[in-house]
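Peer 1: Following this message is one structure expressed as structure tokens.
Since every read-out is calculated from the coordinates, none of them should be taken as a lab result. What you see is a predicted model, and the numbers here were worked out from it, not measured in a lab. A quick note on method: Cβ atoms are made from the backbone with ideal geometry, for glycine too, and the neighbour counts reach across all protein chains shown.
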Amino acid sequence: MAYLNREQRREMILQAAMHVALNEGFSAMTVRRIATEAQTSTGQVHHHFASNSHLKAEAFIKLMQQLDEIEDQVNTVNYLQRVSLLLGCENIEQIQPYLRLWNEAEILIDQDSEIKHAYNLAMQDWHRSIVRMINEGKNQGEFNFESDSQDIAWRLIAFVCGLEGIYKLGLNGLNDADFKRHTEAILQAELFRN
């Protein structure tokens, strides 16, 4: 293997951690597993990251930024579909591993303060993205609402997070189509008020 400077080795380890996280989840992100993926020693992982939690949190933040980039590349027909995409309602296979990791991070926030901090940052970024799309949709005349777009975005996030929690319970009568239908109803109620 060619010589890597400190920044390159750190980035190589981070990329390996991101790969493991996306494909196998947080539980697979042991120092040994990441070192194997990065083709380096466990000592190098410890040298570049203060803790395994720190590495997981940094990988999570980078992966959520990567998700934003992927979503930006998805063509949508209007701002309503773009907001629906940002809320995770469009069934695009490419983003499913990121959404699974998001759900796993949500479970870990009570156990790991670094993951909680990373999740908080990702949640704020998610909110900003939705606010931006709502405002663009209103400026282009697609949306008609009186409420503050910041408040609307928080309500939409709260709605889809809550609905997803119910969906995960596997209740009869709540499938992918129902999830989308309920979300479309809340989008109509929030974004098309007179």
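Peer 1: May I ask you to sort LEU86, LEU121, LEU169 by Cβ crowding, counting other Cβ atoms within 10 Å and putting the fewest first? Please list the in-between numbers first.
Peer 2: Values: LEU86 25, LEU121 15, LEU169 7.
Final ranking by Cβ density, sparse to dense: LEU169, LEU121, LEU86.
Peer 1: Hey, another quick one. Report, in whole Å, the centroid distance computed from the Cα atoms of region 1-56 and region 68-97.
Peer 2: Each part reduced to its Cα centre gives a spacing of 29 Å.
Peer 1: Enter the angle in degrees (range 0 to 90, nearest 10) between the Cα long axis of helix 6-24 and the first principal axis of the Cα atoms of the chain, meaning the one along which they spread out most.
Peer 2: Once rounded, the angle reads 60 degrees.
Peer 1: So what J values fall out for region 73-89 if you push phi through Karplus, 6.51 cos²θ - 1.76 cosθ + 1.60 with θ = phi - 60°, rounded to Hz, Gly and Pro as x?
Peer 2: Coupling constants for region 73-89: 7, 7, 6, 10, 7, 7, 5, 4, 5, 5, 5, 4, 4, 5, 7, x, 8 Hz.
Peer 1: Arrange VAL74, VAL45, VAL20 by Cβ neighbour counts within 10 Å, fewest through most, would you? Please report the intermediate quantities before stating the final value.
Peer 2: Details: VAL74 14, VAL45 24, VAL20 21.
Ordered from fewest to most neighbouring Cβ atoms within 10 Å, VAL74, VAL45, VAL20 come out as VAL74, VAL20, VAL45.
Peer 1: Residue-wise, which Karplus ³J(HN,Hα) couplings in Hz belong to region 91-99, taking 6.51 cos²θ - 1.76 cosθ + 1.60, θ = phi - 60°, and x for glycine or proline?
Peer 2: The phi angles translate into 7, 10, 4, 4, 8, 4, x, 5, 5 Hz.
Peer 1: Going by how many other Cβ atoms sit within 10 Å of their own, how do GLU190, GLU90 line up, fewest first?
Peer 2: GLU90, GLU190
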